[in-house]
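Trainee: Before I ask anything, let me first share the structure, which is written out below as structure tokens.
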């Protein structure tokens, strides 16, 4: 049996992934489906940690753009990620997946504080660990928080679950003939400002040599399929196997 390429994975989800068609910030049916995707991968023996954004509830940078003081708006955004983390935890535990939420902002009544060694122990015991509240400081995105946690937890890869099936040379929702990359380097992502993650997150993954795998989490079974080498995705890494984009 071939050993899997990755053993320990960090899954980064945008908060919008938890939204449904009815306009609810957290759609329980959608959240349950995302939980099933995570559970399927965990059942295959992967060690899995998760970071969920908060944009479905409150986005700090948007609040700042509307006149709020930036640090206050960012803290509100961090609290939104805690709400999403608890929602995902509830969905996972409903289907029997043992889960822990760790927050960068201590709130002992609802979850654990972030303690790296404790998180590692949870993973070793087969639990899914959900990291909330970003890095615990304003002016950093949850992308940066995901990259930081992936580095701290010695993850083999950072999987970015989005609503598109990879990295394109233009927005595929706006440009009909946009080309998708099979593989692209960190430096090309930064130089061309490809919309993968924010620049600091990409740079941290580059410096830590953590591949970023971009895939469509909304497609049922796609998370497990990508890990199995059958799904569609783009891998951002140092050594590019090919620089050609394909449809």
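Each value in this text was obtained by applying a stated rule to the coordinates, not by laboratory testing. No experiment lies behind these values; they were computed from the predicted model shown. Reconstructed Cβ throughout: ideal geometry from the backbone, glycine too, with neighbour counts over all protein chains shown.
Trainee: Under a crude label model (7 Å from the Cα following the beta-carbon direction), how far is residue 7 from residue 228 in nanometres?
Mentor: Inter-label distance under the simple model: 2.3 nm.
Trainee: Starting from the Cα of residue 44, step 7 Å along the direction of its Cβ; do the same at residue 139; then give the gap between the two resulting points in nm.
Mentor: Distance between the two pseudo-spin positions: 4.0 nm.
Trainee: Continuing with the same structure: Given the -39500 (n - 2.57) contribution per DSSP H run of 4+ residues, what per-residue ellipticity at 222 nm results for the chain, rounded to the nearest 500 deg cm²/dmol?
Mentor: About -11000 deg cm²/dmol.
Trainee: When only Cα pairs under 8 Å and 6 or more residues apart are kept, what is the percent relative contact order across the chain?
Mentor: About 20 percent, as a whole number.
Trainee: Arranged by the count of other C-beta atoms within 10 angstrom, fewest first, what order do 214, 34, 97 take?
Mentor: Ranked by crowding around the Cβ, least crowded first: 97, 34, 214.
Trainee: Given contacts defined as C-alpha pairs under 8 Å and at least six residues apart, what's the relative contact order of the range 24-155, whole-number percent?
Mentor: Computed over the range 24-155, the figure is 28 percent.
Trainee: In µm²/s, what is D for the range 66-201 at 37 °C and 0.692 mPa s, where D = kT/(6 pi eta Rh) by Stokes-Einstein and Rh is the Kirkwood radius from Cα pairs?
Mentor: 195
Trainee: Sticking with this structure for a sec: For the range 1-73, just list the percent of Cα-Cα distances falling in each 5 Å bin from zero outward, please.
Mentor: Calculated P(r), rounded to whole percents: 3, 14, 18, 17, 15, 13, 9, 6, 4, 1, 1, 0.
Trainee: Grab the beta carbon distance between residue 93 and residue 16, set R0 = 25 Å, and tell me the FRET efficiency rounded to 0.05.
Mentor: 0.65
Trainee: Expressed as a whole percent, how much of the Cα-Cα distance distribution for the range 114-183 exceeds 18 Å?
Mentor: When every Cα pair of the range 114-183 is considered, 54 percent fall beyond 18 Å.
Trainee: Here's something else I'd like to know. Convex hull over the Cα atoms of the chain, averaged projected area in nm²?
Mentor: Convex hull of Cα atoms, orientation-averaged projection: 13.6 nm².
Trainee: Report the label-to-label distance for residue 32 and residue 199 in nanometres (one decimal), using points 7 Å from each Cα along the Cα→Cβ vector.
Mentor: Between residue 32 and residue 199, the label points sit 4.4 nm apart.
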